[in-house]
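Here's the structure, in structure tokens; my notes come after.
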Amino acid sequence: MTLSTVSKNLRQDHIRNFSIIAHIDHGKSTLADRLLQLTGTISERQMVEQVLDTMDLEREKGITIKARAVRMSYTARDGQTYEMNLIDTPGHVDFSYEVSRSLAACEGAILVVDATQGIQAQTLANVYLALEGDLEIIPVVNKIDLPSADVEGVATEIENVVGIPRDEILPVSAKLGTGTEAVLEAIVSRVPPPGGHPERPLRALIFDSHYDPYKGVIAYVRVVDGEVRVGDRLRMMSTGRTTEANELGFFAPGLRSSEALRAGEVGYVATGFKVVSDCRVGDTITLERHGASEPLPGYMPAKPMVFAGIFPVNGEEYPLLRDALDKLKLNDAALTYEPETSAALGFGFRAGFLGLLHMEIVQERLEREYDLDLLITAPSVEFRVELTDGRTVPVHNPTEMPEPQRVSRILEPWMQITIISPSTYIGTIMDLVTKRRGEFSRMEYLEESRVMLTYEVPLSEIVSDFYDQLKSRTQGYASLDYSFAEYRAADLVKLDVLVNGQPVDALSMIVHRDEAYTRGRMLVERLRELIPRQLFDIPVQAAIGNKIISRETIRALRKNVLAKCYGGDVTRKRKLLERQKAGKARMKTVGNVQIPQDAFMAVLRLEGEEVGQS
Amino acid sequence: MSARTLTQPRPPEAPTARSPRAAGVYLHIPFCRTKCSYCDFNCYAGQGHLIPPYVDALARELEGYGGLGWRADTLYFGGGTPSLLSPEQVACLVRTACGALGLGDAEVTLEANPGTVDERYFAGLLEAGVNRLSIGVQSFYDSDLRPLARHHTAEDARDAYRDARRAGFGNISLDLIYGLPGQSLEAWRHNLEEAVALGPDHLSLYALIVEEGTPLARQVARGRVRPADDDLVADMYELAHDLLRRAGFRRYEISSWAKPGRESRHNLIYWRNTDYVGAGAGAHGYLAGVRYSNEWLPRRYIEGVGETGFSLVESEEIGAELERAETIILGLRLEEGVSPREFRDRFGLELGEVFGPQLARAEGWGLVEWRGGRIALTDRGRLLSNEVFESLLPG
């Protein structure tokens, strides 16, 4: 063993890589802020609340969308100084693959559970991911300062569910700073130093990336084997793309450049790539020459699960929308899109997303950052249609459904879902899942009054408003996690909507034959409320093929405003008319009927009334 | 958009070749005893002590318009509650208008609120030169008046009308509101019959509009008051027209009915989109293609006039395109509609050249029609007039 190897190993012994697993609002960001303060990584002066969530959208939603990392230096009670890398993980089920890659970059994870709430379904799913990856779990019960804190109950739950002895669970108030130093000590003593071989060829795991207009794509990496130096020629093992390490370094928490990253270290590499899809999360970076032969395990290309049409309200904004999507794509490898033309909505794109939150984020970013006025159609899933000629075609859009006579059968994606809830809500959850064609798998008690329910449910039933319904039925107590299970055959039909006799393609949906009638009736009723009365009677119909299954009529408008208008009213009245005119311009005209944007989302909220009545 | 709003206040326009010297003159009296629940006008309760200096400022402002070369065709005291002015104060303003603006034997209207007036007061007004009254009755049901926070009763309204007649007023208009929360078609019929029985010369009927920021809007938002159903309001309008027609009234504008020859000359100036002076706090004027408004707060208005003779806070140049749109929109409010010949004379363009497609579409929907060589709203179009107006705006 050479001297340099010894010093490298010594260095490696003093590295701790960990992430924090927590449910939204359970205090992950606050705890991270405390750790940064305790280790002097950032001064009080620099402290912006919740340093790690840097996107506006993340702050507002209280969730992490992109992973982040930060290096801290901590001198422990044993007198030694440790390099601690905190890798922050996305906190939503849509991004579970990204979570798994972040966890794969760590040897330990802090599990933060709110002392007033208990473990939530997504948290548990992430804990299982961490346990599968052999991570050391350090459970923390947070918010012990709150009067409603049930530290004992939550500790029992952790003990039962995760199997960690109660005396290893740390009570903390991240808000007040109570017990936070013990967390740092636990990381030093319990989380093992990174394995990996400094002498082997470079293998670095990409756990996130972002696009920088000056430096190109910046890969966030954990070096597993070997080392990477500035100027090294690099190869992405799954895409085969090669480049040079223009700059590299670590997070302090801003980018701090250095000469090299070695086995065990966490840092960044500026790749000069122009799009993040060249540098995918989960891929392995190695050297172009004398590189590793095997990539690190676990890479999967991002796979969209939910699809929706995105249309500019104003058709002239189509090129702007295309540019905006191109720019978002630079930073979002999971986003897919292709041009779509709708008879009702004109030119737009069919976009694929990881899930509903991902879709919502993309929509909000397009509207906010690119100032676009958009119309998003109700989300759909990827159906697989087996044709009579033996071929199988994917269908992402109800309008693409082949003619019934060409179809031998239709398959749809099913998900395994896990719900954790107080046991009092079992009945209403069962009812909801049954209404959504779900099948019960099993039920486990986590502790006396909390259960974990597992079902299989078609994804198309989840993408409407399943989560909202679950929250409303359980007063917000239930949490949900889901993952893809399998494709199954189903008796599905395409439900069309006709407004004033004209089919509105953007309102078509694929539904189970048994539910077609009910869905059609609810949709037509909802549209009657959402489409304003116009100068003529408007029939609104739901149809399967040529058969009308439901009909309502929007009666012609008789009167708008009968206002007086004297000298002082002229300007005001004109402005009012201008506003009304602008409002109508925002509606889509189908045939000669003006349809407001809400109507296109109506298909989503069909179940709303059901709960209102119960 | 062809309108340009200027934030820098400037003096009002002088007459031009296109805007000869005649104009309607509106005087705003922004004082009220109390504020009505649906009112979003510029008026203030509890500032009665400002009335004397306010009248002085108004007189000075009128002299200023005279100095610019304007002449008064009509004079109109609106509010607020103009009947809070004493006959002497009214007389002073009428005299000023005669002296400075050459107001001769013209229509001089004053809005009077029941409960603030009696026969002696009306006699004083007549003496002062007022020759037309507009009485704000609103409803002949006390139960309608209370929620509107109108501080008078139906009996006060009848008394005011009789007192005005006894004092010698020969031209009286009544205001009524319909579409009140909870008002039935029958109650509205009763209101109309009561009004007709009094024998007025003119009637203005307004559908209640819940204006943002009023106490009524807050009550509606809280669910305490339910606004009237649109279809019922349409029925009320049709009932009113039918009943008044049979009683010898002629509708000459969407909301205005008159005995022959008793149309409001002053209001016709607005609908024909010609020049008018707006004097007083928060008043709006339109002179030589510029629409403007005065300082809203009475105290600030008085100060402004004291310093410069005027108190404009906002002016907007109405470009040719917008003027054409406003002219046809306001003109369509009139029963007589819009004449293509007058349009051509005014703008040097054919009506069809500018608004052909919009009018053809409206005609297709049965909202406008040609009557005696003029384009005018149909019965259906009157109820749906905003649909037509909207399409005529530029942009």
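List of remarks:
- Residue satisfying all of: in segment A:574-586; charged (D, E, K, R) and at the interface with another protein chain (Cβ under 8 Å from one of its Cβ atoms); farthest from B:Glu326 (Cα to Cα) among these: A:Lys584
- Residue among A:Val281, A:Val275 that is of a type in the set (A, V, I, L, M, F, W, C), surrounded by fewer than 23 Cβ atoms within 10 Å (Cβ to Cβ) and at pLDDT below 90: A:Val275
- The residue that is modelled with the highest pLDDT, counting only those in segment A:69-116 that are charged (D, E, K, R) and within 25 Å of A:Leu480 (Cβ to Cβ), is A:Asp114.
- Candidates B:Ile177, B:Ile209 - the one that is β-branched (Val, Ile, Thr) and in a loop (DSSP other than H, G, I, E, B): B:Ile209
- Apart from one condition, A:Arg533 fits all of (1) within 14 Å of chain B (Cβ to nearest Cβ); (2) touching a helix residue (DSSP H, G or I) at 6+ places or on another chain (Cβ under 7 Å); the exception is (2).
- Matching residues in segment A:403-462 - criterion: being free of Cβ contacts under 8 Å to residues at least 40 places away in the same chain, assigned to a helix (DSSP H, G or I) and surrounded by 21 or more Cβ atoms within 10 Å (Cβ to Cβ): A:Val433, A:Glu461
- Of the residues screened, B:Val25 is not one that is buried (at least 20 other Cβ atoms within 10 Å of the Cβ), among the β-branched types (Val, Ile, Thr) and over 21 Å from B:Asn267 (Cα atoms).
- Spans of helices (runs of 4 or more DSSP H) in segment A:69-187 with at least 3 residues over 26 Å from A:Ile15 (Cβ atoms) and either touching a His at 6+ places or on another chain (Cβ under 7 Å) or among the β-branched types (Val, Ile, Thr) (or both): A:151-162
- Single residue of B:Trp257, B:Trp188 found to be aromatic (Phe, Trp, Tyr), in a helix (DSSP H, G or I) and within 14 Å of chain A (Cβ to nearest Cβ): B:Trp188
- Pairing each residue of segment B:12-24 that is more than 14 Å from chain A (Cβ to nearest Cβ) and farther than 11 Å from B:Tyr286 by Cα with any residue that is acidic (Asp, Glu) and in a strand (DSSP E or B), provided the two are 6+ apart or on different chains, yields C-beta distances under 8 Å for B:Ala22/B:Asp73.
- Here the condition is being under 16 Å from the mean Cα position of the chain (by Cα) and aliphatic (A, V, I, L, M); of A:Leu411, A:Leu356, A:Leu387, A:Leu374, it holds for A:Leu356 alone.
- All conditions in (1) surrounded by fewer than 18 Cβ atoms within 10 Å (Cβ to Cβ); (2) touching a residue at least 12 places away in the same chain (Cβ under 8 Å); (3) of a type outside the set (A, V, I, L, M) hold for A:Ser173, with the sole exception of (1).
- Filter result (more than 8 Å from chain A (Cβ to nearest Cβ), under 13 Å from A:Lys559 (Cα atoms) and among the acidic types (Asp, Glu)) within segment B:369-395: B:Asp379
- Filter pass, A:Ala543 being surrounded by 15 or more Cβ atoms within 10 Å (Cβ to Cβ), more than 8 Å from every other protein chain (Cβ to nearest Cβ) and at pLDDT 90 or above: yes
- Considering each residue of segment B:200-208 in turn, at least one proves to be at pLDDT 95 or above, more than 14 Å from every other protein chain (Cβ to nearest Cβ) and under 21 Å from the mean Cα position of the chain (by Cα).
- In segment B:324-341, residue farthest from A:Tyr566 (Cα to Cα) [restricted to those that are in contact (Cβ under 8 Å) with a residue 60 or more places away in the chain and of a type in the set (D, E, K, R)]: B:Glu336
- Test result for B:Val290, within 20 Å of the chain's Cα centre (by Cα), more than 19 Å from A:Leu577 (Cβ to Cβ) and of a type outside the set (D, E, K, R): yes
- Yes/no for B:Arg226 being surrounded by fewer than 21 Cβ atoms within 10 Å (Cβ to Cβ), of a type in the set (D, E, K, R) and either over 15 Å from the mean Cα position of the chain (by Cα) or within 27 Å of B:Gly182 (Cβ to Cβ) (or both): yes
- Of A:Ser189, A:Ser209, A:Ser148, all but one fail to be modelled with pLDDT of 95 or more and out of contact with any Gly (no Cβ under 8 Å at 6 or more places or on another chain); the exception is A:Ser189.
- Among the residues making up segment A:202-219, a single one is closer than 17 Å to A:Ile15 by Cα and either under 23 Å from the mean Cα position of the chain (by Cα) or surrounded by fewer than 24 Cβ atoms within 10 Å (Cβ to Cβ) (or both): A:Leu205.
- For segment B:231-251, the set of residues classified as within 14 Å of chain A (Cβ to nearest Cβ) and buried (at least 18 other Cβ atoms within 10 Å of the Cβ) consists of B:Val233, B:Ala234, B:Met236, B:Tyr237, B:Ala240, B:Arg251, listed by residue number.
- Residue check, A:Ala556 surrounded by 16 or more Cβ atoms within 10 Å (Cβ to Cβ) and either within 14 Å of chain B (Cβ to nearest Cβ) or in contact with a strand residue (DSSP E or B) (Cβ under 7 Å, 6 or more places away or on another chain) (or both): no
- Restricting B:Asp175, B:Asp142 to residues that are within 21 Å of B:Ser37 (Cβ to Cβ), under 23 Å from the mean Cα position of the chain (by Cα), surrounded by fewer than 23 Cβ atoms within 10 Å (Cβ to Cβ) and among the acidic types (Asp, Glu) narrows the list to B:Asp175.
- Qualifying residues in segment A:337-361 (those that are within 19 Å of A:Asp208 (Cβ to Cβ) and of a type outside the set (Phe, Trp, Tyr)) - the one modelled with the lowest pLDDT: A:Leu357
- Of the residues making up segment A:549-571, those that are within 30 Å of B:Thr274 (Cβ to Cβ) and part of a loop (DSSP other than H, G, I, E, B) are A:Lys559, A:Asn560, A:Val561, A:Leu562, A:Ala563, A:Lys564, A:Cys565, A:Tyr566.
- One residue stands out among those in segment B:102-132 that are among the polar types (S, T, N, Q) and part of a loop (DSSP other than H, G, I, E, B): the one that is surrounded by the most Cβ atoms within 10 Å (Cβ to Cβ), which is B:Asn113.
- Of the residues examined, B:Gly366 is one that is within 14 Å of chain A (Cβ to nearest Cβ), surrounded by fewer than 16 Cβ atoms within 10 Å (Cβ to Cβ) and on the phi > 0 side of the Ramachandran plot.
The values are calculated or read from the model by the stated rules, or taken from the named source; none is laboratory data. From a predicted model like this one, the values you see are computed outputs, not experimental measurements. Please note: Cβ atoms are built from the backbone with ideal geometry, for glycine as well, and neighbour counts cover all protein chains shown.
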